[in-house]
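Reading through the structure tokens given below for one structure.
The values are calculated or read from the model by the stated rules, or taken from the named source; none is laboratory data. These figures come from a predicted structure and were not determined experimentally. Positions of Cβ are backbone-derived with ideal geometry, glycine not excepted, and every protein chain shown enters the neighbour counts. Note: areas computed on protein heavy atoms with side chains; ligands, DNA, RNA excluded. Shrake-Rupley method; radii C 1.70, N 1.55, O 1.52, S 1.80 Å.
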Amino acid sequence: MFDRSGNDYTSKTYWDSRFETEETFEWVADFKQFSALLTSELKPTDKILQIGCGNSKLCFELANLGFTQLTNVDFSSVLIDKYAVKYPEMAWICDDMRSLEHIPDDSFDVVIEKATIESLLAKEKSVWTFSDSAQADLRSTLAAIRRVLKPGGIFISISFTPPYFRVNYLVEQEWDVDVSEFGDGFHFYCYKMRKGLKPDLDKLERFLRVNKN
Ligand SMILES: C[S@@+](CC[C@H](N)C(=O)[O-])C[C@H]1O[C@@H](n2cnc3c(N)ncnc32)[C@H](O)[C@@H]1O
């Protein structure tokens, strides 16, 4: 789904070796392109969890704007060990987003991911029908995010993936979704889901597709 270079974006080994040398890389879009969509939902006192942080500047951009209660998760221990020493003003936790086992229930006001869900699906042959294992990964990730959010907390996903390939899975897991599009030329998407809200199927109908299998 990302490129045809043969890189395995689902593999911890791939990311560990990449983060040994790579200083910074921004997937999807730079912060300024979507900052208004994101910060309109945030309060300075919010506890914010970013999953699959990578070496993006997103958490530093948020800190510069006064959002200081930031926790970053990635399954790459190379990245987390390096950043925990380099940036002690934030929390860095090595964890897998499919379980978030080191994060307590109901503990964050906001969960953010940018291009991390896509890395789970990077080996899929078709964007129309995911393999059973990819679907299981997606479901367990969404369940883990719901578990760690406080009641009424918000999950914000910044993504390459158009709604037609994303909203079905969110609705299946009982998330209501607000969809925004952004970007000049190439278009990207911001999905916002609030814990506790049930899907508004009338609103979402245009994004839902019938599974013909
Ligand atoms: C495509 S990169 C996106 C990085 C960053 N969010 C950005 O926007 O630039 C995917 C990131 O997710 C991490 N990742 C992939 N699968 C993960 C998993 N199962 N649990 C936690 N992190 C994961 C990778 O190590 C990598 O840092």
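Using unit Cβ charges (K, R positive; D, E negative) and no other charged atoms, how large, in debye to the nearest 20, is the dipole of the stretch 4-97 about its Cα centre? Intermediate results must be reported in sequence, preceding the final value.
Working: 9 positive and 15 negative charges, 34 e Å.
Here the size comes out at about 160 debye.
So for the stretch 113-162, what are the equivalent ellipsoid semi-axes in whole Å, largest first, each being the square root of 5 times an eigenvalue of the Cα gyration tensor? Provide the component values of the computation, followed by the final result.
On the way: eigenvalues 96, 34, 12 Å².
With the √(5λ) rule applied to the stretch 113-162, the semi-axes are 22, 13, 8 Å.
Could you state the accessible area per residue of the stretch 31-144 in Å², with a 1.4 Å probe and every protein chain left in place?
On the way: 4990 Å² over 114 residues.
With all protein chains present, the stretch 31-144 gives 44 Å² per residue.
Provide, in order from the shortest bin, the percent of all Cα-Cα pairs of the stretch 12-137 in each 5 Å bin, continuing until the bin that contains the maximum pair distance.
2, 10, 20, 22, 20, 15, 8, 3, 0
Show me the chymotrypsin sites (Phe, Trp or Tyr not before Pro) within the stretch 84-136 that DSSP assigns to loop and that have at most 14 other Cβ atoms within 10 Å of their Cβ. Please list the in-between numbers first.
Numbers: sites: 92, 108, 128, 130; in loops: 128, 130.
Those that pass, being in a loop and sparsely packed, are 128.
Calculate, in nm to one decimal, what residue 23 and residue 41 gain on full extension: separation in residues at 0.36 nm each, minus their alpha carbon distance.
On the way: separation 18, 0.36 × 18 = 6.48 nm, distance 2.91 nm.
3.6 nm is the gain from fully extending residue 23 to residue 41.
Residue 47: which aspartates and glutamates have alpha carbons under 12 Å from its alpha carbon, excluding same-chain residues fewer than 8 sequence positions away?
Counting by Cα, and skipping residues close in sequence, residue 47 has these aspartates and glutamates nearby: 106, 109.
How do the peptides 139-152, 71-84 rank, highest first, by the average count of neighbouring beta carbon atoms within 10 Å per residue?
Values: 139-152: 17.5, 71-84: 19.2.
Packing order, densest peptide first, comes out as 71-84, 139-152.
How large is the Kirkwood hydrodynamic radius of the stretch 76-213, in angstrom, based on all distinct alpha carbon pairs? Intermediate values should be presented prior to the final figure.
Details: mean 1/r = 0.0618 Å⁻¹.
Roughly 16.2 Å, rounded to one decimal.
Could you please state how large a percent of the accessible area of the stretch 1-150 is carbon and sulfur, counting protein chains only and using a 1.4 Å probe? Don't skip to the answer; put the middle values down first.
On the way: 3750 of 7110 Å².
On the stretch 1-150, the fraction of accessible area on carbon and sulfur atoms equals 53 percent.
Can you pick out the pairs among 32/195; 43/125; 43/123; 125/192; 57/195; 123/198 whose Cα atoms lie more than 29 Å from each other? Numbers along the way, then the final one.
Numbers: 32/195 26 Å; 43/125 40 Å; 43/123 37 Å; 125/192 27 Å; 57/195 26 Å; 123/198 31 Å.
As for pairs spanning more than 29 Å Cα to Cα, those are 43/125; 43/123; 123/198.
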